[in-house]
Amino acid sequence: MIDLQRLDARALAKIIDYSILPKETTAAEIREGCAVTRRYGFAAFYASSAYWAPLIREELAGMEDVEIGAGIAFPLGSAPPAVKAFEVEDAVRRGCTAVDMVMNIGALKSGDRRTVVEELRLFRSAAGAAVTKCILEVCYLTDEEIATASKLVAEAGIDFVKTSSGQFEGPSLEQFLVMRDAVRDAPVRLKVAGVKFPRPQNALVFLRAGADRIGTRAGPEIVDSLDTLRSIGLVPEG
């Protein structure tokens, strides 16, 4: 659990995976995103594809504590397990140090647990030393399916179970709590993405509820709001 009383701007940035995901993103925008990441010191910088990893690695040279991330089978997650594994291997080869794979929730909802288990196994194997995060897209799942999917991610040895891709409806607090409680005793961390407006306040709620990481395009806005949120009592005084 994150100690909000000790939270300062730098520590808050280290809980945030900053992302630039629009389809029309240009190289200039990736460079600007890297400059913002340097300025704030986020935990990670994500683009929608590993295509950008070499450029990000060049722009973030010397910042070994910042993950270079990309989505896998993003955002639909319906590619076969072997195709996802190839994409993971390619992402790592290009320089990604974090990979967020979207679970095949169609297979999960159809009762095809074997496919889900297989893609998670291949994901973990193909990632090597990279940080692994599996996206559930909880807005399309029942509470029972959220719990089942979360447990499968934990059992596969994935580093993070993640609520959403951020491309569809974001998670509710209640959905996050189902995910959290399903893996309460497992060595897996919790990532929230798709935080709804107002993002600073809602991000804080998820952190207070037990999230370990927030994935967002609003990283600077959230960090810059810390003093204001503390001044009105939403963040405890240090």
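From the alpha carbon centroid of the stretch 119-152 to that of the stretch 27-61 is 25 Å. Of the cross-linked pairs K84/K133; K23/K109; K109/K151; K151/K191; K23/K162; K162/K196, those separated by over 19 Å at the C-alpha level are K23/K109; K23/K162. Treating r as the C-beta distance of S231 and M1 and R0 as 22 Å, the FRET efficiency rounds to 0.40.
Between V88, V205, V195, the GNM of the chain built on Cα springs shorter than 10 angstrom shows V205 fluctuating the most. Helical content of the chain, expressed as a calculated mean residue ellipticity at 222 nm, amounts to -12500 deg cm²/dmol (DSSP H runs of 4 or more residues, -39,500 (n - 2.57) each, divided by residue number, nearest 500). Between A107, A28, A156, the residue with the greatest mean-square fluctuation in the GNM of the chain (Cα pairs under 10 Å linked by springs) is A28. Over the chain, the hull volume per residue, using the convex hull of the C-alpha atoms, is 111 Å³. Here the Gaussian network model covers the chain, with springs between Cα atoms less than 10 Å apart; of R57, R114, R189, R114 fluctuates the most. Each residue of the stretch 134-238 gets 99 Å³ once the volume of the Cα convex hull is shared out per residue. Assuming R0 = 35 Å, what is the FRET efficiency of E89 and Q201, from their Cβ-Cβ distance, to the nearest 0.05? So the FRET efficiency works out to roughly 0.35. Size descriptors for the stretch 1-109, from the alpha-carbon set: Rg then Dmax equal 15.1, 45 Å.
As a length-normalised measure over Cα pairs under 8 Å and 6 or more apart, the relative contact order of the stretch 4-231 settles at 18 percent.
Any read-out appearing in this document is the output of simple, stated calculations on the displayed coordinates, not a laboratory observation. In this text the structure is predicted, and so the values were computed from the model without any measurement. Positions of Cβ are backbone-derived with ideal geometry, glycine not excepted, and every protein chain shown enters the neighbour counts.
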